[in-house]
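Comments concern the structure below.
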Amino acid sequence: MSTATKADPATPAGSAGPLSHRRPLGDRGFALLALASGLLVLVILVLIAVTTAQQGAPWFSHAGFSGIFSTVWNPQANQYGAMAFVFGTAISSVIALIISVPISMSIALLLTEVVPRRWANPIVYVIDLLAVVPSVVWGLWGILVFVPWVQPVYASIASAVNGIPVLDALFGAPTSGASFFTAGLILAIMVTPIITSLSREVIATVPATDKEGAYALGATRWEMIRGAVWPHSVGGVVGAILVGLGRAMGETIAAALVIGSSAQVTSHLFATGYSIPAVIANQFGEAAGLQRNALIGLGLVLFVLTIIVNLVARGFVERSARRMRGA
């Protein structure tokens, strides 16, 4: 009479044999496809860098190090300094972040931690729709509606701070509706939905047990956010902010319409200025010879700046992830 073999309760259900080291054909094909896609992105980036460097090489050799970082842009005299455009790109992007980051963080926390889901969903849809509005629409609204309205406001602020140290240097005369500050405001409107959406997705991944544990210890809502939500989300939030910075730095049409098209380095935020994407968009169609090479070289400078921003964002995210694993 045969006896039934008693199964060991510690043995997992299913086949207990060792898994085959040879993966199925579909898995290997998908791995090769993913590897090829990743390498294709790297190849495209290298080709972009090489071709723009080749096209911009005459400008680099003609201007030299001192000429590239000069503030003078005078095509009639073959002087093509990039510093005014680098300054305009940086200052308008920083203004955009200073304005948009607090608003984006507040909206993201409001939607995830305060507003009930049935009320938050319509707001999320509107924010996502704002993120995909074409930049030319924002630029046209800025130059046709916002610039005429804000010009007298700038003049009033300039007269109010006249003679006050620091404030006069930042917000005093000369003033113009199309200016560094206007470009920063328009860029802030454009990047706020992006930063908000990414931050909201990151904050929503905080485990409910962490938040409930904070409440169980007697924490208030703000203490819960500071002690449970923020440490878990800081890496992703910083990455979202730097993604918004990259978008602001690379914005072309909207910045070209509202920044003022004046190549200068000045502390007056209400003065007209220029940025790298704006000067390329405005002058590339009529440029020839060395001016064309200089504009392509400016594109390479912007390309390098955006890569640096993305590498910094990646570093922040990885550092936060290591910190969370250590905790």
Quick check on the range 93-138: what does the Kirkwood estimate of hydrodynamic radius come out to from the alpha carbon pairs, in Å?
12.0
Selected from Val265, Val301, Asn282, residue furthest toward positive end of dipole (the range 185-327; charges at beta carbon):
Val301
Along the principal axes of its C-alpha atoms, what lengths does the range 160-285 span, in descending order and rounded to whole Å?
58, 43, 17
Among Leu25, Leu47, Val237 the positive-end extreme of the charge dipole of the chain (Cβ point charges)
Leu25
Hydrodynamic radius by Kirkwood for the range 238-327, inverse mean 1/r across distinct Cα pairs, in Å, is 15.1
Taking the chain as a Gaussian network, where each spring joins two C-alpha atoms under 10 Å apart, which residue of Thr266, Thr52, Thr220 fluctuates the most?
Thr220
May I ask you to order 304-315, 105-116 by the average number of other C-beta atoms within 10 Å around their residues, highest value first?
105-116, 304-315
Can you give the FRET efficiency for Leu32 and Ser159, using 1/(1 + (r/R0)^6), R0 = 56 Å, r = Cβ-Cβ distance, to the nearest 0.05?
0.25
What order do you get for 194-207, 59-72 when each peptide is scored by the mean count of other beta carbon atoms within 10 Å, highest first?
194-207, 59-72
Binning at 10 angstrom from zero up to the longest distance, how are the C-alpha pair distances of the range 86-176 distributed in percent?
13, 27, 33, 20, 6, 0
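When the helices in the chain are scored as -39500 (n - 2.57) per DSSP H run of 4 or longer and the sum is shared across all residues, what 222 nm value do you end up with, to the nearest 500 deg cm²/dmol? Write out the running numbers ahead of the final one.
Numbers: 13 runs with 221 residues, N = 327.
The per-residue figure over the chain is -22500 deg cm²/dmol.
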Pairing the Cα long axis of helix 230-250 with the longest principal axis of the chain, what angle in degrees results, from 0 to 90 and rounded to the nearest 10?
40
Spacing of the two label points (7 Å from each Cα toward its C-beta) at Ala219 and Ala204, in nm
2.1
Between (1) 24.6, 81; (2) 26.5, 108; (3) 19.7, 67, which matches Rg and Dmax of the Cα atoms in Å calculated for the structure shown?
(2)
Subtracting the Cα-Cα distance from 0.36 nm times the residue separation, let me have the gained length for Ser61 to Val114 in nm, one decimal.
13.3 nm
Using alpha carbons only, how many angstrom separate the centre of the range 157-191 from the centre of the range 263-327?
22
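Hey, if we sort Leu42, Leu242 by accessible area with the 1.4 Å probe, largest down, what's the order? It would help to have the intermediate numbers written out before the result.
Working: Leu42 100, Leu242 30 Å².
Final ranking, largest accessible area leading: Leu42, Leu242.
Taking the mean number of other Cβ atoms within 10 Å as a proxy for protection, how do you rank 148-158, 276-286 from highest to lowest? Provide the component values of the computation, followed by the final result.
Details: 148-158: 15.1, 276-286: 18.2.
The packing order, highest mean first, is 276-286, 148-158.
The values are calculated or read from the model by the stated rules, or taken from the named source; none is laboratory data. From a predicted model like this one, the values you see are computed outputs, not experimental measurements. Note that each Cβ is placed from the backbone with ideal geometry, even for glycine, and that neighbours are counted across all protein chains shown. The accessibility values were calculated without ligands, DNA or RNA, using every heavy atom of the protein model including side chains. Shrake-Rupley method; radii C 1.70, N 1.55, O 1.52, S 1.80 Å.
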